[in-house]
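Here's the structure we're looking at; comments come further down.
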Amino acid sequence: MKNKGIKKIIIFFIIMLILLILNHYFKWSSYLGDIENLEFLKDMVEDNFLLAVCTYIVLTIIGCVVLALPGFTFAIIAGILFGPIIGILVCLVATTLGAMLSFLVGRFFLKDGVKPMLEKNKTLKKLLFSEDGKADMVVLMITRMVPIFPYNLQNFAYGITDINFWKYSIFTFIFMLPGVSFFTIGAFGFMAYEGKWKYFIIAGILAILVTIVGILIQKKFLETEKS
């Protein structure tokens, strides 16, 4: 079993190395991270809205699984393309699907080989493999509410933990809502011709709430750990 886990890790890193080389050569991250390169989607929104949504979802899933892009990239693009309401919903669906696929990849290729190594560290074992499942939920909540971390790396990492797949998927969708809403509404505000201040105020309130909740969660979790 140990040798099998090591082989899976080697295969995973070979695939990731190939993708990194291809990404460096073809500059996929730079392309998808620049809204100017997605002008064709703006035209598609007007001509065929459903096709534009499906194309965005496919590109986002690819970005989630293959490219180390921060989560807010997808939210900003969704806000510019689809507006604040539909943009939030489409972004949540797309990024959750990408998170689910990355999670399965991480669980298949990494868990057997990486988990035994991490469990040797008492802190990591308590944080990532807690029997009551509370610690991994706190980590999931914090990292999802503030989507500034490379999204695909997060998802692969969660595949190593013991968190249930459907629990992970459902709460990923829920916990991402505040952060996705903030970036999507803020991005739409920059593009809006009228009422910019309204969208900026909403985005600002969301940012404050996310920050406060994140601090309270961390404080409560740390106090629990000390007691």
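Got at least one residue in region 16-23 being polar (S, T, N, Q), at pLDDT 70 or above, surrounded by 10 or more Cβ atoms within 10 Å (Cβ to Cβ) and in a helix (DSSP H, G or I)?
Yes: one or more hits.
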What number of residues within region 14-28 satisfy the criterion of being under 17 Å from Leu110 (Cβ atoms) and touching a Gly at 6+ places or on another chain (Cβ under 9 Å)? 0
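Among the residues of region 162-214, count how many are more than 17 Å from Leu140 (Cα to Cα) and either in contact with a Lys or Arg (Cβ under 6 Å, 6 or more places away or on another chain) or hydrophobic (A, V, I, L, M, F, W, C) (or both).
Total meeting the criteria: 19.
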Filter result for Ile185 (crowded, with 17+ Cβ neighbours inside 10 Å, in contact with a Gly (Cβ under 9 Å, 6 or more places away or on another chain) and not in a helix (DSSP H, G or I)): no
Pairing a residue in region 61-74 that is at negative phi and in a helix (DSSP H, G or I) with any residue that is among the aromatic types (Phe, Trp, Tyr) and surrounded by fewer than 20 Cβ atoms within 10 Å (Cβ to Cβ), where Cβ atoms lie under 8 Å and the two sit 6 or more apart in sequence or on different chains, gives Val66/Trp28
Only unsatisfied item for Leu32, checking (1) in a helix (DSSP H, G or I); (2) at pLDDT below 90; (3) of a type in the set (A, V, I, L, M); (4) surrounded by fewer than 18 Cβ atoms within 10 Å (Cβ to Cβ), is (4)
Filter result (of a type in the set (Ser, Thr, Tyr) and surrounded by fewer than 18 Cβ atoms within 10 Å (Cβ to Cβ)) within region 46-95: Thr55
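Here is a yes/no grid of residues against (1) at pLDDT 75 or above; (2) over 30 Å from Ile9 (Cα atoms); (3) crowded, with 21+ Cβ neighbours inside 10 Å:
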| site | (1), (2), (3) |
| --- | --- |
| Phe175 | yes, no, no |
| Tyr193 | no, yes, no |
| Gly204 | yes, yes, no |
| Ile212 | yes, yes, no |
| Ile217 | no, yes, no |
| Glu223 | no, yes, no |
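The values are calculated or read from the model by the stated rules, or taken from the named source; none is laboratory data. Only a predicted model underlies this, so the values are computations on that prediction, with no experimental measurement involved. Reconstructed Cβ throughout: ideal geometry from the backbone, glycine too, with neighbour counts over all protein chains shown.
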